[in-house]
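**Q** Here you go, one structure.
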Amino acid sequence: MAPATDTHDVVLVAFGSLSDPEPHQRGLEELAVRVGDMLPGWRVRGATLGHDGAVARAFEGLGPDAVVFPALMSDGFILRKVMRDALVAAGRGDAPVLRPLGLLPAFHEVCADMIRDALTNNRLQATRTTVVLAAHGSARGPRPAACARMLCGELERMTRVKAVTPGYLEEAPFLKDALAAAPSPSICLPCFVVSAFHASSDVPEAVDESGFTGPVLPVAGSMPGVAEVIAQEIQSTRQRGAA
């Protein structure tokens, strides 16, 4: 980790929610604190795009070399357009943007560990168990779904479960349909960054409407290991840049 006298700046940026921005903003700020605890000498802040002015406020007082870590599950429209526009509006259009959380192999390992633990805790046999990956998807482009399918393939390979299939909030196959079609036994893994509206409303609603009775795991981004994954990616990127 960076020495305490070597100060660097990073802002974690997630999409959040336009209709209920506060819980997402608080969740990301809490994640930023946990990441900062693992990066002595760094100033780490969190901002959601759905919270008006949060990105600009997060950069206040930070140096010109501050970088951005996308707390996102894909590198689609939100990263390439919405986040870029917000950075430009905040006067930080030139800020380096790191790889998003959902594309990091270390994050995939966190998700795989969740599945392995769920299999053990529920006494399920991997080769007979299906995992439904609850993901956001997007009506604005194919990239988020493509990233989710890639993660499904990785998790299937890493855990040796029967299958890992996606269910989306914003496109077909919709989560409630994927859950309804899942054979028994099945597990639902919500693949979001913070435990806010999607976890407290969208996922339970899909579970109720589908009649799904299998275990529903915590939000992947809420796992303790995620802060370490982000801290390691930030630090390793800095080291590569200094080499």
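The values are calculated or read from the model by the stated rules, or taken from the named source; none is laboratory data. The model shown is predicted, which means the values in this text are computed figures rather than measured ones. Here the Cβ positions follow ideal geometry from the backbone for every residue, glycine too, while neighbour counts run over all protein chains shown. Heads up: the accessible areas ignore ligands, DNA and RNA and are worked out on the full protein's heavy atoms, side chains in. Shrake-Rupley method; radii C 1.70, N 1.55, O 1.52, S 1.80 Å.
**Q** About the Cα centre of the range 1-113, how large is the charge dipole given +1 on each Lys and Arg Cβ and -1 on each Asp and Glu Cβ? Please answer in debye to the nearest 20.
**A** Charge dipole, the range 1-113, about its Cα centre: 240 debye, nearest 20.
**Q** Is any residue of the range 138-182 close enough, with backbone N under 17 Å, to a label point placed 7 angstrom from the Cα of Asp20 along the Cα-Cβ axis, and if so, which?
**A** Under cut-off, by backbone N: 169-170.
**Q** I'd like the orientation of helix 224-242 relative to the chain: the angle between its Cα long axis and the longest Cα principal axis, in ° from 0 to 90, rounded to 10.
**A** 40 degrees
**Q** Rounded to the nearest 500 deg cm²/dmol, what is the calculated helix-only ellipticity per residue at 222 nm for the chain, with -39500 (n - 2.57) per DSSP H run of length n ≥ 4?
**A** Taking each H run of at least 4 residues, the total per residue is -12500 deg cm²/dmol.
**Q** Anyone know which of Val164, Val88, Val55 comes out most mobile in the 10 Å Cα GNM of the chain?
**A** Val88
**Q** Shifting gears a bit: Roughly how many Å² of Arg84 are accessible to a 1.4 Å probe, to the nearest 10?
**A** Approximately 90 Å² for this residue.
**Q** Top mean-square fluctuation among Ala148, Ala14, Ala172, Gaussian network model of the chain, C-alpha springs under 10 Å?
**A** The residue that fluctuates most here is Ala172.
**Q** In the chain, what percent of the accessible surface is made up of carbon and sulfur (1.4 Å probe, ligands and nucleic acids excluded)?
**A** Whole-percent figure for carbon plus sulfur exposure: 51.
**Q** Accessible area per residue for the chain in Å², computed with a 1.4 Å probe and the full protein assembly in place, what is it?
**A** 46 Å²
**Q** May I ask you to derive the FRET efficiency for Arg143 and Arg43 from their Cβ-Cβ distance with R0 = 45 Å, giving the value to the nearest 0.05?
**A** The calculated FRET efficiency here is 0.90.
**Q** Also: Have a look at Leu18, Leu119, Leu49 and tell me which one the Gaussian network model of the chain (Cα, springs below 10 Å) gives the largest fluctuation.
**A** Of the options given, Leu18 has the highest mean-square fluctuation.
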